Amino acid sequence: MTTQVLVINSGSSSIKYQLVEVETAKALATGLVERIGAPMGVVAHKGLDGKNETEVPVPDHEVGMQVVLDQFAQHGPAVDAEHLMAVGHRVVQGGSVFDAPALIDDDVIATVESLVPLAPLHNPPNLSGIIAARHAFPTVPHVAVFDTAFHQTLPPEAYTYALERTVAEAHGVRRYGFHGTSHLFVSRAAAEFLGRNVADINQIVLHLGNGASATAVRGGHSVETSMGLTPLEGLVMGTRSGDIDPAVLVHLYRAADLSIGEVDTLLNRKSGMLGMCGHADMRDVFAAADAGDEHSQLALEVYYHRLRGYVGNYYAQLGHLDVISFTAGVGENAAPVRAGALRGLEELGIAIDPERNAIRSPDPRVISPDGAKVTVLVVPTNEELEIARQAADLVRTS
């Protein structure tokens, strides 16, 4: 039986895809269709004959999926129903309904659609990708893997907001958490790298990219996480504010005459690092800070301050801590972020070895000193592989 899984991550104007050989954990091909709905789309595919880029009209996701199939046909490898074990789909919001991957049928699609109010920017394009892929591969099992599923183990005291209870229950207002697929992969990979059973260790996973989140993992289960009802809550991010006094929204509505839509745009798209210093990309922030820009220097300190606060909080919630893992684009590549995030925590047994921290590598690695009470790691994430594995496991057991 084939063990190839086609992983689809469908955005509002894009389809990111990867063909994964589950048994060997290798990506046989990767690609991205961008600018769906624009006059001309951009396609990048890396297959058997290397990387190829082209421009073609991509008016909608149905056409986008056909473009994906065309890329496989032209540049390889072969992908068709005969070669595929499953198609795995990233779905951002599974609400309180899905605590595990789900075989996609009409009922699952209807449920994901009912959760659109909780993720209006994410679930609709996720659904568009699912519908298009089911048309392209009608005989292949399709599996939804939810960003929120890993966090369904949060205890009530962690996921409950202190709102009037009937209002919260009526509108599904609670902490759901996101980046769950990455947090699950990294927590397992960290334990495997250390030669330990994931059930026996307490971890903090710091997923730091343009979007950023922290998760406390006790014995392989998420028990606290920084993102909440939406991905806005928590850490400072590229364009998102993270934690903020809710009264700021009321104040801006009254004092700045901003509409709800304008406040939403401000907090999600114009805040974070971009709002504080004019740069969303951490590389640009470091360059500006090194050149003496005070706004960028302050933005970095705010970023580190928030991270240290979450590390300390989760250390306390866990009771004892074995491992801290940095992952995602910033976490894996920005040594100053790792150093700044844990600066001053030596009394808690948390320290970073500067020489180890400076090493760049695509492999998991220890960056704490020998004998440190808490092992600090850099663990590259692989959400596509995790989605492929979950999809394959579900198909095997169904």
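Considering only protein heavy atoms and a 1.4 Å probe, what is the carbon-and-sulfur percentage of the accessible area of the stretch 351-398?
The C+S portion of the solvent-accessible surface of the stretch 351-398 is 49 percent.
Can you give the longest stretch of the chain with no exposed loop site, where a site means GluC sites (Glu not before Pro) in a DSSP loop (not H, G, I, E or B) with at most 15 other C-beta atoms within 10 Å?
Value returned for the longest uninterrupted segment is 165-398.
Given the DSSP H assignment, sum -39500 (n - 2.57) over each helix run of at least 4 residues in the chain and divide by its residue total; what's the result at 222 nm in deg cm²/dmol, nearest 500?
Estimated from H runs of four or more residues: -11500 deg cm²/dmol.
Mind telling me which of 256, 280, 73 comes out most flexible in a GNM of the chain, alpha-carbon contacts under 10 Å?
256
With r defined as the distance between the Cβ atoms of residue 393 and residue 53 and R0 fixed at 30 Å, what FRET efficiency is calculated, to the nearest 0.05?
Plugging the Cβ-Cβ distance into 1/(1 + (r/R0)^6) gives 0.30.
So how many Lys-Lys pairs in the chain land under 23 Å Cα to Cα, not counting same-chain pairs under 8 apart?
5
Taking the DSSP beta bridges in the chain as the whole, what percent of them are antiparallel, to the nearest 5?
Beta bridges within the chain, antiparallel portion: roughly 70 percent.
Calculate, for the stretch 201-348, the solvent-accessible area per residue in square angstrom, rolling a 1.4 angstrom probe over the heavy atoms of the protein chains.
Ligands and nucleic acids excluded, the result is 43 Å² per residue.
Taking 1 over the mean of 1/r across every pair of different Cα atoms in the stretch 126-236, what Kirkwood radius in Å do you get?
15.6 Å
Keeping all protein chains in place, calculate the accessible area per residue for the stretch 40-112 (probe 1.4 angstrom), answer in Å².
About 46 Å² of surface per residue is accessible.
The values are calculated or read from the model by the stated rules, or taken from the named source; none is laboratory data. Everything numeric here is computed off the predicted structure, so don't read it as measured data. As a convention, Cβ positions derive from the backbone with ideal geometry for all residues, glycine included, and neighbour counts pool all protein chains shown. These area figures cover heavy atoms from the full protein model, side chains too; ligands, DNA and RNA do not enter into them. Shrake-Rupley method; radii C 1.70, N 1.55, O 1.52, S 1.80 Å.
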